[in-house]
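Colleague: Take a look at this one; I'll ask things after.
The values are calculated or read from the model by the stated rules, or taken from the named source; none is laboratory data. All values derive from a computational prediction rather than experimental measurement. Using ideal geometry, Cβ is built from the backbone for each residue, glycine included, and neighbour counts are taken over all protein chains shown. Just so you know, the surface numbers come from the protein's heavy atoms only, side chains and all, with ligands and any DNA or RNA stripped out. Shrake-Rupley method; radii C 1.70, N 1.55, O 1.52, S 1.80 Å.
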Amino acid sequence: MRPENKPDGQRRSFIEEARRRQIIAATVEVISEVGYGNASLARIAEHAGISKGVISYHFDGKDELMSQVVIELFVAGAEFMVPTIVAAADQGPRAALHAYLESNLRFIDANKSYVAACADIVVNLRNADGSPTFGTVEGDREVIAPLVELLADGQRAGVFGDFDPTMLARLIRDSIDGVAQRAIREPDFDVRQYISHLTRVYDAATRKGDGR
């Protein structure tokens, strides 16, 4: 019985969770080496030192495995970033925005290969009808929604100036999401310096007309 099909109340064991993490890690490494198109279950199993049957026990085929790789990254990213952003919010919207920028980029810097592999999955993974599994308009709106609210809160509090919160949120996400591939292509790319520059750029972009 596959773990997710167990009766309610029976959670995955520590060993099952560890095996899933091992498979996901192997998937990231294989995609990083040969790309999404060549990342077959057989290749992933060989890389992980397990049989294809072990993968099939935990994941219902390649598509589910790839989806879980992306989902796990989003969960890990949220666990890394949200506490920092929430803590900074006590100091006001501007501090929360700085924390949003810095925590996003620090997470990318610490997980470059994982982020790049997920970007490859997002571009290639399709539903049965050929539509993208990720990267939909609805999904993009969901991703930027907390940032839009952060920016709007800053405007309502009189801290931020006059701008379209949704448009600026999209610009910020593009500035963040573009870093992963650059960091992979350029080993000497200084993410920390990028954080400093990006923070100054959006600090200026959100200031009121009187310079405050």
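Colleague: Among the residues of region 159-191, count how many are within 18 Å of the chain's Cα centre (by Cα), among the charged types (D, E, K, R) and under 19 Å from residue 111 (Cα atoms). Give the derivation first.
Modeller: In the first step, residues of region 159-191 are kept if they are within 18 Å of the chain's Cα centre (by Cα); the result is 169-184, 191.
Imposing the further condition that a residue be among the charged types (D, E, K, R) reduces the set to 170, 173-174, 177, 182.
So of that shortlist, the ones also under 19 Å from residue 111 (Cα atoms) come out as 173-174, 177, 182.
So the count comes out to 4.
Colleague: Could you check residue 95 against (1) open to solvent by 30 Å² or more (accessible area, probe 1.4 Å); (2) free of Cβ contacts under 8 Å to residues at least 12 places away in the same chain; (3) closer than 22 Å to residue 84 by Cα and say which number it fails?
Modeller: The number of the failed condition is (1).
Colleague: Looking only at region 14-26, decide whether some residue is exposed (fewer than 15 other Cβ atoms within 10 Å of the Cβ), assigned to a helix (DSSP H, G or I) and modelled with pLDDT of 95 or more. Steps first, please.
Modeller: Taking region 14-26 and keeping what is exposed (fewer than 15 other Cβ atoms within 10 Å of the Cβ), we get 14-15, 17-18, 21.
When the remaining residues are screened for being assigned to a helix (DSSP H, G or I), the result is 14-15, 17-18, 21.
Those left that are additionally modelled with pLDDT of 95 or more: none.
The answer is no, given that none of the residues of region 14-26 is exposed (fewer than 15 other Cβ atoms within 10 Å of the Cβ), assigned to a helix (DSSP H, G or I) and modelled with pLDDT of 95 or more.
Colleague: What residue, among those in region 146-158 that are aliphatic (A, V, I, L, M) and over 18 Å from residue 104 (Cβ atoms), is surrounded by the most Cβ atoms within 10 Å (Cβ to Cβ)? Walk me through it before giving the result.
Modeller: We begin by selecting, within region 146-158, every residue aliphatic (A, V, I, L, M); these are 147-148, 150-152, 157.
Filter once more, so that each one left must be over 18 Å from residue 104 (Cβ atoms): 152, 157.
Values: 152: 15, 157: 11.
In this case the residue turns out to be 152.
Colleague: Tally the residues that are within 21 Å of the chain's Cα centre (by Cα) and basic (Lys, Arg), restricting the search to region 33-77.
Modeller: 1
Colleague: With respect to residue 126, is the statement that it is under 27 Å from residue 201 (Cβ atoms), touching a helix residue (DSSP H, G or I) at 6+ places or on another chain (Cβ under 9 Å) and of a type in the set (D, E, K, R) true? If you could, list the steps in order and put the result at the bottom.
Modeller: Values: under 27 Å from residue 201 (Cβ atoms): no; touching a helix residue (DSSP H, G or I) at 6+ places or on another chain (Cβ under 9 Å): yes; of a type in the set (D, E, K, R): yes.
Judged against the criteria, residue 126 is not a match.
Colleague: Separate question: Scan (1) buried (at least 19 other Cβ atoms within 10 Å of the Cβ); (2) in contact (Cβ under 8 Å) with a residue 40 or more places away in the chain for the single condition residue 30 breaks and write down its number.
Modeller: (2)
Colleague: Just for region 98-131: of the residues that are small (Gly, Ala, Ser) and assigned to a helix (DSSP H, G or I), which one is surrounded by the most Cβ atoms within 10 Å (Cβ to Cβ)?
Modeller: In the first step, residues of region 98-131 are kept if they are small (Gly, Ala, Ser); the result is 99, 103, 110, 113, 116-117, 119, 128, 130-131.
Filter once more, so that each one left must be assigned to a helix (DSSP H, G or I): 99, 103, 110, 113, 116-117, 119.
On the way: 99: 22, 103: 19, 110: 12, 113: 16, 116: 19, 117: 28, 119: 20.
So the residue we want is 117.
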